[in-house]
Amino acid sequence: MKSYSMIRLIKLREYLRLPIVIDRESLASNVSKVQQQIADACTRAGRNPAEVTLLPVSKTFDAQAIRKMVTLGFRRFGENRLQEIAQKAPELADCDIEWVVIGHVQTNKAKEVAKYASELQSLDRIALAEALDKRLAPLNRTLKVLVQVKTSPEESKSGVEPQNLISFLKELTNFPTLKVEGLMTMAVLSDDEIAVRDCFRLLRQCRDQALAAGIKGISLDRLSMGMSGDMALAIEEGSTEVRVGTAIFGKR
Ligand SMILES: *Cc1c(COP(=O)(O)O)cnc(C)c1O
């Protein structure tokens, strides 16, 4: 249990907006616990753990925390705000980091995505695809993208509706700078395991149906699903990438 003075310290840190300092050993131990959870879920599902990538989500944690993760062998980091990437990227210029955007992106942020991101996992509308293509083309670069699918009924979750996915994917073939590699989703926030699992299963079914449609020029090998609280269920339903923040870096 946290002592009273500890709580006061936390409040003081929040008030002064000081970053949470997390040491390398704690990060290493958290990472190995997460890797064990991944391995256990793979065993239950009869899958090879090498099929599941761990994407650390570093949002709200500072460049120093990311640098410690780099010393543990990580190069890709998930972030949900472009402004935050723009702040951290210069401090980490020597680390050769691949920034993965996982949060909702406003169309007017396409320029920053083209500048900083190696990958976008939250592509959810054609207007954004258009804006990205326009910014990427002059830079002569491509962007890996995952299409975010809305598998949960919550208003707060964005993503392409499952019934519109195939036509959406077909439209994306008009943008040669966008390399579609798969799908991403966020499950419903719920204690009901069945409801959460249903979201992940729906994403897998969406992928299977889109594959059957045989759209040329796109790949759907990747399914980014599962976070700190639900990664085991996601892996059992076929996730190839879990996006993990809290279980590695601690509470935000
Ligand atoms: C923050 C975030 C995560 C990580 O969530 P945790 O519960 O901290 O592991 C994963 N995916 C997205 C899209 C996020 O915004």
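The values are calculated or read from the model by the stated rules, or taken from the named source; none is laboratory data. Treat the numbers as computed from the prediction; the structure is a model and nothing was measured. Because the Cβ atoms are built from the backbone with ideal geometry, glycine has one as well, and the counts that use them run over all protein chains shown.
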Selection from the range 81-99 of residues of a type in the set (A, V, I, L, M) and without any contact (Cβ under 8 Å) to a residue 12 or more places away in the chain yields Ala93
Quick count over the range 121-175, residues being within 18 Å of Val188 (Cβ to Cβ), touching a residue at least 24 places away in the same chain (Cβ under 8 Å) and charged (D, E, K, R), is 4
Given the conditions (1) in a helix (DSSP H, G or I); (2) surrounded by 14 or more Cβ atoms within 10 Å (Cβ to Cβ); (3) within 15 Å of the ligand (Cβ to nearest atom), every one holds for Val100 apart from (1)
Out of (1) of a type in the set (A, V, I, L, M); (2) surrounded by fewer than 17 Cβ atoms within 10 Å (Cβ to Cβ); (3) within 28 Å of Ser239 (Cβ to Cβ), the one Leu139 does not meet is (3)
Does the range 226-241 contain any residue that is away from the ligand (no atom under 16 Å from the Cβ) and touching a Gly at 6+ places or on another chain (Cβ under 7 Å)? no
Checked pairs for the range 100-120, first more than 9 Å from Ala131 (Cβ to Cβ), second small (Gly, Ala, Ser) and modelled with pLDDT under 95, C-beta under 9 Å and 6 or more apart or across chains, list as His104/Ser158
Within the range 211-252, of all residues that are free of Cβ contacts under 8 Å to residues at least 12 places away in the same chain and not in a loop (DSSP other than H, G, I, E, B), the one nearest to Val57 (Cα to Cα) is Leu211
Subset of the range 153-188, residues modelled with pLDDT of 95 or more and within 16 Å of the ligand (Cβ to nearest atom), comes to Gly159, Val160, Gly182, Leu183, Met184, Thr185, Met186, Ala187, Val188
Condition set crowded, with 20+ Cβ neighbours inside 10 Å and over 15 Å from Ile20 (Cα atoms), scope the range 58-79, selection farthest from the ligand (Cβ to nearest atom): answer is Phe74
**Study point:** Boolean, Ser118 is touching a His at 6+ places or on another chain (Cβ under 7 Å) and surrounded by 14 or more Cβ atoms within 10 Å (Cβ to Cβ)
**Key:** no
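I need the full set of residues from the range 13-38 which are aliphatic (A, V, I, L, M), surrounded by 13 or more Cβ atoms within 10 Å (Cβ to Cβ) and in a helix (DSSP H, G or I), in order please.
Leu27, Ala28, Val31, Val34, Ile38
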The one condition Pro176 fails out of (1) under 25 Å from Leu233 (Cβ atoms); (2) touching an Asp or Glu at 6+ places or on another chain (Cβ under 8 Å); (3) surrounded by fewer than 18 Cβ atoms within 10 Å (Cβ to Cβ) is (1)
Of the residues in the range 190-210 that are among the hydrophobic types (A, V, I, L, M, F, W, C) and surrounded by 14 or more Cβ atoms within 10 Å (Cβ to Cβ), the one that is farthest from the ligand (Cβ to nearest atom) is Ala210
Inset, instruction - For the range 43-54, state whether one or more residues are touching a residue at least 60 places away in the same chain (Cβ under 8 Å), part of a helix (DSSP H, G or I), more than 26 Å from Val149 (Cβ to Cβ) and of a type outside the set (A, V, I, L, M, F, W, C). - result: no
For the range 136-151, check the following and say yes or no: at least one residue is within 21 Å of Ile194 (Cα to Cα), of a type in the set (Ser, Thr, Tyr) and at pLDDT 95 or above.
yes
query: Taking the condition touching a residue at least 12 places away in the same chain (Cβ under 8 Å), closer than 27 Å to Gly238 by Cβ and away from the ligand (no atom under 16 Å from the Cβ), does Arg24 pass?
result: no
